[in-house]
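The values are calculated or read from the model by the stated rules, or taken from the named source; none is laboratory data. All values reported here derive from a predicted model rather than from experimental measurement. Positions of Cβ are generated from backbone atoms using ideal geometry, with glycine treated the same way; all protein chains shown enter the neighbour counts.
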Amino acid sequence: MREQRGDDWPALWQILEPVFRAGETYPLPRDVLEAVAKAYWIKADGFNGVAHDGAGDIIGAYYLRPDQGGPGDHVCNAGYVIAKAARGRGLATPLCLQSQEQARAMGFHAMKFNLVVADNKAAIRAWKKAGMEIIGTTPKAFRLPDGRVVDALIMWKAL
C-alpha cells in the first residue's frame, strides 16, 4: 500500500473505467469522461492510496476525503475499487482497514459511506468485516443499468 502518485493515473483509469462504465456501484454517468472521473476520484483535500501486487501493478485503490466541510470535516468519506483480476482474493477489507488507519493519521474521527448499493453484497461483507455498520437506508436511491431501482445503505464507523 502506498500513496497514489501522478504517474499512477493511467493504470488506475484502466481499473476505474470498467467499474464506472458498468454503472453498478458509483453515482457517475456510465459515459463519464476520463477527466471528469479523475476530478471525482482525486480531490485536493483528500488522500488517494493504491495497493499493488508483487510485480508492482496496481490492483486496488481508494480515495479518502472529508464527507462534509466546516463543522462536519472531522468525518471522512471513502471509495474503493479492486481490479477485476484481483477480486475474490480478500483485498477489499484490508484496503478499507488501511484507509481507516490513514484517516486516523489525518485526524478524522469517523468514516461514513453515503451510498453503498444494497445489491453489492461482496462490498457490504467486506465493509462489515472492517468494522463498518449500517446506520441507515435510502430507499430506491440507485438506478441499476437494467432499470431496477435499489436501496442504498449508509455505513459508518467511529475511528
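At-a-glance table
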{"item": "Some residue of the range 8-18 being of a type outside the set (A, V, I, L, M, F, W, C) and more than 24 Å from Val116 (Cα to Cα)", "result": "yes"}
{"item": "Pairs with Cβ under 6 Å, 6+ apart, first in the range 138-155 and closer than 18 Å to Phe113 by Cα, second outside any strand (DSSP E or B)", "result": "Val150/Ala118; Val150/Asp119; Asp151/Ala118; Leu153/Ala118; Met155/Trp127; Met155/Met132"}
{"item": "Identity of the residue in the range 1-45, of a type in the set (Lys, Arg) and not in a loop (DSSP other than H, G, I, E, B), that ends up farthest from Asp57 (Cα to Cα)", "result": "Arg21"}
{"item": "Filtered residue count, the range 28-59, keeping only those that are surrounded by fewer than 14 Cβ atoms within 10 Å (Cβ to Cβ) and closer than 22 Å to Asp151 by Cα", "result": "2"}
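Results for (1) in contact with a Pro (Cβ under 9 Å, 6 or more places away or on another chain); (2) within 24 Å of Ile154 (Cβ to Cβ); (3) in contact (Cβ under 8 Å) with a residue 12 or more places away in the chain; (4) among the hydrophobic types (A, V, I, L, M, F, W, C), shown as yes or no for each residue.
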position	(1), (2), (3), (4)
Trp13	no, no, yes, yes
Val36	yes, no, no, yes
Ala44	no, no, no, yes
Asn48	no, yes, yes, no
Ile59	no, no, yes, yes
Gly72	yes, yes, no, no
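Quick grid of which residues meet (1) in contact with a His (Cβ under 7 Å, 6 or more places away or on another chain); (2) modelled with pLDDT under 95; (3) over 21 Å from Glu3 (Cβ atoms):
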site	(1), (2), (3)
Asp67	no, no, no
Cys76	no, no, no
Ile82	no, no, no
Ala85	no, yes, yes
Cys96	no, no, no
Lys112	no, no, yes
Val116	no, no, yes
Met132	no, no, yes
Thr138	no, no, yes
